[in-house]
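Undergrad: What follows is a single structure, and I will ask about it in a moment.
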Amino acid sequence: MDKAIHIRPRGINTRAVHGGQQRDPSTGAVTTPIYATSTFAQSAPGVHQGYEYARSQNPTRAAFEAAIADAEHGHAGFAFASGLAAEAALLELAGQGSHIVASEDVYGGSWRLFHRVRSHSAGLSVSHVDPADLDALRAALQPNTAFIWIETPSNPTLRLADLEAIAAIGRERGVLTVVDNTFASPAVQRPLDHGVDIVVHSVTKYVGGHSDIVGGAIVVRDPELAQRLQFLQNATGGILDPFSSFLALRGIKTLPLRLERHSANALAVARWLEAHPKIDRVIYPGLASHPQHALARRQMQGGGGMVAVYLKADDQQTAAVLSRFRLFTLAESLGAVESLVGQPWTMSHASLPEQDRRHRGILPNLIRLSVGIEDVEDLTDDLEQALSIL
Ligand code: PLP
C-alpha cells in the first residue's frame, strides 16, 4: 500500500532562491544567463525550441517571470519595462469606456495614467474610495467597473485595505481585483492567497532591491487571465530587457532576507521617531499605534520598510531637514538596500492636484522614509542630526 507523502508547500525563502531557476540546459550554468539576443533560429518554418522573437519570449525574462509568479503564489508572471508599463498593459484588459474603483491613495503615477492618459485615450472613469470603507467601495461599483484597484499599504500614508474582504466583493460582483504589492513585496504579503485576482509591481523597488533597475511585473492566478495578459504583453511590447531581468532575478533571491532586515529596522526607526519631541506623528503598520495594526498582523508578515512621518515643522523647516540627511539619500524611489528619504508633497505625489494631496494627508511636513538594511543605530544617528535644526 502506498504511504501518503505529505509534501509541504515550499516556503518563501526557498521559493525566492529556486523559483524559475533551472540549470542552463546547454552548459549547466547554475544561474540563468543573460540571453542578449533579439531572435532565435528555427530548424524549419515554425519549428523552434519555444523561443521565436525576444519581445514575445526571452529565457532570462521567462526565468524572472516564473520566479515572481512563484514568490506571489501565482500561476504566471509577466515582466515589463517599468511598473507603469505593467499597469498600462493591465489597463488594456478594460475595454473602452470602462470604470475603475481605486484607492484614494494610489501612487501618483498610477493616478496620472488613469486620469491624464486613459481618460482621454480610452474614456476611462475612476471613482476613488477609502478601501477601508467597504460600503463605500461597494456603492462605487458600476455595471462597467472593470477593476477594483488597491494599494496596501498605500503610498505614502501607509493605510491598509482588507485583502480578503475586498477580494470577496470583487468575486461577488464579478469585478477583477488588482493589488499593487510594491510597498509590501511578496516577502511581506501575498494578495493572491487572500483571493485577489491580479498583483502588480514596480520591480524597481523591493523586488529589484538595489536601486539599479527600472521594471514592472504582473502576476495572476487564473490561467485564462494569464493567456490574455501574455497576448497583451506581446501586443503592446513594453517588456523587461534581458539585463534587467537578470538583475531582477538576482534581486528576488534575497528578497525575504532583505525584508526581514527592512522590517526590523523600520520598526526600530518608527519607535525611535515616535518618542522624538520634534515628531508630530509616525505611521507604520508594525506600530501598535497604527489604526489598522490588527489587520497588519493578519495579512502581513512584518511591517515592511516604509515609514511615514509628520514633522513638527513648516515648509521651509521641512526642506532644511531634508537637505541635512547624510546617510539617508534624498531621492525618489524606495525599496532598496540603502535608506532613502523623500517629501511626497514635492516629489512622488507632486502630480496630484493640491486639494487631493491635502485630502489624502499628503502635507508639506510629511516625509517618507524607505528604511534600508544598514545598522539601525547609524540610521537613528542620521535622523537625530537632521532633526536637530528644528
Ligand atoms: N506603484 C507604486 C506603489 C510605486 O511606488 C511606483 C513607483 O514609485 C509605481 C507603481 C510605478 O513604478 P515604476 O516607477 O517602476 O514605473
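Undergrad: What is the gain in length, in nm to one decimal, between Ser388 and Val337 on full extension, counting 0.36 nm per residue of separation less the C-alpha to C-alpha distance?
TA: The Ser388-Val337 span can extend by a further 15.8 nm.
Undergrad: Keeping all protein chains in the complex and leaving out DNA, RNA and ligands, what accessible area do you get for Val117 with a 1.4 Å probe, in Å² to the nearest 10?
TA: 70 Å²
Undergrad: Still on this structure, I have one more. How much accessible area does Asp162 have with a 1.4 Å probe, in Å² rounded to the nearest 10?
TA: 40 Å²
Undergrad: Give, as a single signed number, the net charge of other residues whose beta carbon lies under 13 Å from the beta carbon of Thr204, with Lys and Arg counted +1 and Asp and Glu -1.
TA: Neighbour charge sum, excluding Thr204 itself: -3.
Undergrad: What residue among Ala86, Ala71, Ala136 has the largest mean-square fluctuation in a Gaussian network model of the chain, using Cα springs under 10 Å?
TA: Highest fluctuation among the options: Ala136.
Undergrad: When every alpha-carbon pair in the chain is counted, what percent end up more than 40 Å apart?
TA: That fraction is 16 percent.
Undergrad: For region 67-138, run through the chymotrypsin sites (Phe, Trp or Tyr not before Pro) and keep only the ones in DSSP coil with at most 13 other Cβ atoms within 10 Å of their Cβ.
TA: none
Undergrad: Specify the residue with the greatest mean-square fluctuation among Gln49, Gln299, Gln317, computed from a Gaussian network of the chain linking alpha-carbon atoms under 10 Å apart.
TA: Comparing Gln49, Gln299, Gln317 in the GNM, the peak value goes to Gln49.
Undergrad: Grab the Cα-Cα distance for Asp381 and Phe243, subtract it from 0.36 nm times how many residues apart they are, and report the gain in nm with one decimal.
TA: Answer, rounded to one decimal: 46.0 nm.
Undergrad: Another one. Name the GluC sites (Glu not before Pro) in region 285-390 that are in a loop by DSSP and that have at most 15 other C-beta atoms within 10 Å, would you?
TA: Glu332, Glu338
Undergrad: With the cut-off at 1.5 for a/c, could you classify region 245-390 from its C-alpha gyration tensor as rounded, prolate or oblate?
TA: Verdict is rounded for region 245-390.
Undergrad: Please report the spacing between the Cα centers of region 301-325 and region 145-193 in Å, no decimals.
TA: 26 Å
Undergrad: Provide the net charge surrounding Thr236, with neighbours chosen by a C-beta distance below 14 Å and charges set as Lys +1, Arg +1, Asp -1, Glu -1.
TA: Net local charge, Thr236 excluded: +1.
Undergrad: Is the C-alpha gyration tensor of region 311-390 telling us rounded, prolate or oblate? Criteria: a/c under 1.5 is rounded; beyond that, a/b larger than b/c is prolate, otherwise oblate.
TA: Oblate is the answer for region 311-390, as a/c is 1.5 or above yet b/c matches or exceeds a/b.
Undergrad: Tell me the relative contact order for the chain as a rounded percent, counting alpha carbon contacts under 8 Å between residues six or more apart.
TA: Relative contact order, the chain: 17 percent.
Undergrad: Between Asp280 and Thr329, how many nm apart are label points set 7 Å from Cα along the C-beta direction?
TA: About 2.9 nm, to one decimal.
Undergrad: Also: Based on the Cβ-Cβ distance of Glu224 and Arg271, what FRET efficiency does E = 1/(1 + (r/R0)^6) give at R0 = 45 Å, to the nearest 0.05?
TA: 0.45
Undergrad: Cα gyration tensor of region 255-309, axes a ≥ b ≥ c as square roots of the eigenvalues: rounded (a/c below 1.5), prolate (a/b > b/c) or oblate?
TA: The shape class here is oblate.
Undergrad: I need the calculated FRET efficiency for the pair Ala235 and Ala350, taking r as the beta carbon distance and R₀ as 35 Å, to the nearest 0.05.
TA: Between Ala235 and Ala350 the formula returns 0.60.
Undergrad: Would you tell me the accessible area of His128, worked out with a 1.4 angstrom probe on the heavy atoms of the protein chains, in Å² to the nearest 10?
TA: That residue has around 60 Å² of solvent-accessible surface.
Undergrad: Something else now. Could you check how much of the accessible area of region 1-70 is carbon and sulfur, as a whole percent, using a 1.4 Å probe?
TA: Carbon and sulfur: 54 percent of the exposed surface of region 1-70.
Undergrad: What are the aspartates and glutamates whose alpha-carbon lies under 12 Å from the alpha-carbon of Lys253, with same-chain residues fewer than 8 places away excluded?
TA: Here the aspartates and glutamates satisfying the reach criterion relative to Lys253 are Asp70.
Undergrad: Loop only by DSSP, 15 or fewer other Cβ within 10 Å of the Cβ. Give me the trypsin sites (Lys or Arg not before Pro) in region 279-359 that pass, ordered by residue number.
TA: Lys312, Arg326
Undergrad: Here is a further query. Using R₀ = 35 Å, calculate the FRET efficiency as 1/(1 + (r/R₀)^6) where r is the Cβ-Cβ separation of Arg23 and Ser43; round to 0.05.
TA: 0.90
Undergrad: Considering the chain as a Gaussian network with a 10 Å cut-off on Cα pairs, which listed residue, Ala161, Ala288, Ala187, attains the greatest mean-square fluctuation?
TA: Maximum fluctuation in the GNM of the chain, among the listed residues, is at Ala288.
The values are calculated or read from the model by the stated rules, or taken from the named source; none is laboratory data. What you are looking at is a predicted structure, and each value in this text was computed from that prediction instead of being measured. All Cβ positions, even for glycine, are placed from backbone atoms using ideal geometry, and neighbour counts span all protein chains on display. Note: areas computed on protein heavy atoms with side chains; ligands, DNA, RNA excluded. Shrake-Rupley method; radii C 1.70, N 1.55, O 1.52, S 1.80 Å.
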